1. What does the charge count around ALA53 come to, taking other residues whose C-beta lies under 15 Å from its C-beta (Lys +1, Arg +1, Asp -1, Glu -1)?
2. Could you derive backbone 3J(HN,Hα) for the range 49-56 from the dihedral phi with the Karplus parameters 6.51, -1.76 and 1.60 (θ = phi - 60°), listing whole Hz in sequence and x where the residue is Gly or Pro?
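Computed from the coordinates by the stated procedures, all read-outs in this text should not be read as laboratory data. The model shown is predicted, which means the values in this text are computed figures rather than measured ones. As a convention, Cβ positions derive from the backbone with ideal geometry for all residues, glycine included, and neighbour counts pool all protein chains shown.
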Amino acid sequence: MPNKKEKRVKSLYKAFTFRIVATLATMLTFFAFTGNVNLAAGFGAVDFVSKIAIYYAHERAWLVLDEKNMIIQWAKGPSFGY
């Protein structure tokens, strides 16, 4: 079984690097619509912090579910006693 601390660090690293790219895309889009660099940067900062936290929590939840074999059970669908 892999070291849980290593998994947490890897999840955090993945979330961080993805958010850099995604936030840049969000800022460029926001700038294209508003023409305001400061507004785009502010929105990008809020977007970066909130979405990295959401992604990390989502990643950790899936790992917990996977460890409990719940993902496989969910994918099979409901059991009606068959």
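1. My count for the surroundings of ALA53 gives +3.
2. These are the phi-based 3J(HN,Hα) values: 5, 5, 6, 5, 5, 5, 4, 4 Hz.
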